[in-house]
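S.K.: My questions will all concern the structure given below.
The values are calculated or read from the model by the stated rules, or taken from the named source; none is laboratory data. Given the structure is predicted, the values throughout are model-derived calculations rather than measurements. Note that each Cβ is placed from the backbone with ideal geometry, even for glycine, and that neighbours are counted across all protein chains shown. These accessible areas exclude ligands, DNA and RNA; they are computed on the full protein's heavy atoms, side chains included. Shrake-Rupley method; radii C 1.70, N 1.55, O 1.52, S 1.80 Å.
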Amino acid sequence: MPELPEVETVVRGLRPALVGHRIRRADLRRPDLRFPLPERFVERLEGCTVTDLRRRAKYILATLDSGEIWLTHLGMTGRFTVDAAPGASASAGQAGHNSGWALVEPHDHLLLETDAGGRVTFNDTRRFGYMDLLPPDGAATSKHLKDLGPEPLSDGFDAGHLGAALAGKRTPIKAALLDQKIVAGLGNIYVCEALWRAGISPKRLAHTVPGARARRLVPAIKAVLTEAIAAGGSSLRDYRQTSGELGYFQHAWDVYDREGEACRRPDCAGTIRRLVQSGRSSFYCPAHQR
């Protein structure tokens with residue numbers, strides 16, 4: 001499933017195509033994704049100008065000049081592709097994709113055409129993604145967003161906040177960091193990477209992390225997310241940038257999916273191990289992660 005860096009990369013790719021542009025035409029190919037789409041979905045999108053586009057946790061939020069907020073969650077296989085307008089120059093990643101404009105690919109469920117002539121396509125093979133339309137100023141009370149913790153790259157997420165959120169929690173720190181109420185947007189890959197950098201075992205109980213460990217962990221989380229965004233995220237199976245290109249951060253993983261390999265920390269002679277926690281694989285080095 002795309003995590004925070006992948007969703008942030010998608011948002012940055014969508015902004016030039018959508019922000020400040022009017023949705024001239026919306027073509028919906030099915031009435032539902034993971035959940036039924038909002039009533040009159042096409043009618044409520046068509047004719048609207050996108051005034052703002054941002055990310056909250058793993059959600060994409062597009063503010064429309066009607067006041068409504070178009071919310072999208074990519075699920076496991078959802079992806080947006082941006083096509084240049086006919087006659088406009090296209091990058092190598094865009095060239096040839098739906099080049100006939102009347103053609104669609106399998107699992108293209110929503111196609112948008114803007115007043116600039118460009119097209120944005122939402123494709124979702126497994127249909128675990130979903131969309132909603134929120135009322136004006138409805139983000140704070142939305143069932144999708146109201147219980148989310150702070151953004152990990154925000155100033156509000158620091159060692160003091162994390163320590164307070166973890167106090168008294170007897171769950172493993174890996175599970176605690178995946179709890180979106182504690183911190184928003186973190187997923188399995190980047191939690192493994194951050195814990196490796198901070199030298200904290202994924203098995204350590206969360207209530208023992210406040211203090212010095214939290215002061216190591218917070219900058220490790222911020223650093224790994226920042227680096228992953230700069231690399232366009234990590235591509236495992238289905239994730240692509242809006243240009244159609246892959247992300248490249250998977251080539252920089254220090255611990256994730258490296259079971260049996262030597263630890264990359266210069267002063268460590270350990271070997272990466274894998275264990276299953278709450279149905280998910282955790283990768284760690286038992287030699288320096290305590």
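S.K.: Only one of (1) at pLDDT 95 or above; (2) in a helix (DSSP H, G or I); (3) open to solvent by 40 Å² or more (accessible area, probe 1.4 Å); (4) of a type outside the set (Phe, Trp, Tyr) fails for Glu227. Which number is that?
M.R.: For Glu227, the failing item is (1).
S.K.: Among the residues of the range 275-290, which ones are in a strand (DSSP E or B) and among the charged types (D, E, K, R)?
M.R.: Passing the criteria: only Arg280.
S.K.: A follow-up question, please. Restricting to the range 259-274, what's the tally of residues that are closer than 11 Å to Cys192 by Cβ and part of a strand (DSSP E or B)?
M.R.: Residues that pass the stated criteria total 1.
S.K.: Next question, about the same structure. Those residues that are closer than 20 Å to Glu43 by Cβ and of a type in the set (Asp, Glu), I need them from the range 109-142; list them, please.
M.R.: Step one: of the range 109-142, the residues closer than 20 Å to Glu43 by Cβ are 109-115, 119-122, 130-136, 138.
Answer for the range 109-142, where residues must be closer than 20 Å to Glu43 by Cβ and of a type in the set (Asp, Glu): Glu113, Asp115, Asp132.
S.K.: Can you name every residue in the range 55-71 that is charged (D, E, K, R) and under 17 Å from Glu8 (Cα atoms)? Reasoning before the result, please.
M.R.: If we filter the range 55-71 for residues that are charged (D, E, K, R), which is where we start, we get 55-56, 58, 65, 68.
Once the filter is applied, which keeps residues that are charged (D, E, K, R) and under 17 Å from Glu8 (Cα atoms), the range 55-71 yields Arg55, Arg56, Lys58.
S.K.: Follow-up question, since we're still on this one. Pairs please, first residue from the range 3-24 and of a type in the set (Ser, Thr, Tyr), second anywhere and in a helix (DSSP H, G or I), Cβ atoms under 8 Å, 6+ apart in sequence or on different chains.
M.R.: From residues that are of a type in the set (Ser, Thr, Tyr), the pairs are Thr9/Ile229.
S.K.: What pairs can you find where one residue is in the range 135-146 and free of Cβ contacts under 8 Å to residues at least 12 places away in the same chain, the other is small (Gly, Ala, Ser) and open to solvent by 30 Å² or more (accessible area, probe 1.4 Å), and their Cβ atoms are less than 9 Å apart, with a gap of 6+ or different chains?
M.R.: So the pair list comes out as Lys146/Ala140.
S.K.: A follow-up question, please. Of everything in the range 268-290, what is out of contact with any helix residue (DSSP H, G or I) (no Cβ under 8 Å at 6 or more places or on another chain) and among the polar types (S, T, N, Q)? Give them in sequence order. If you could, list the steps in order and put the result at the bottom.
M.R.: Pass one, the range 268-290, residues out of contact with any helix residue (DSSP H, G or I) (no Cβ under 8 Å at 6 or more places or on another chain): 268-276, 279, 286-288, 290.
Selection gives Thr271 alone.
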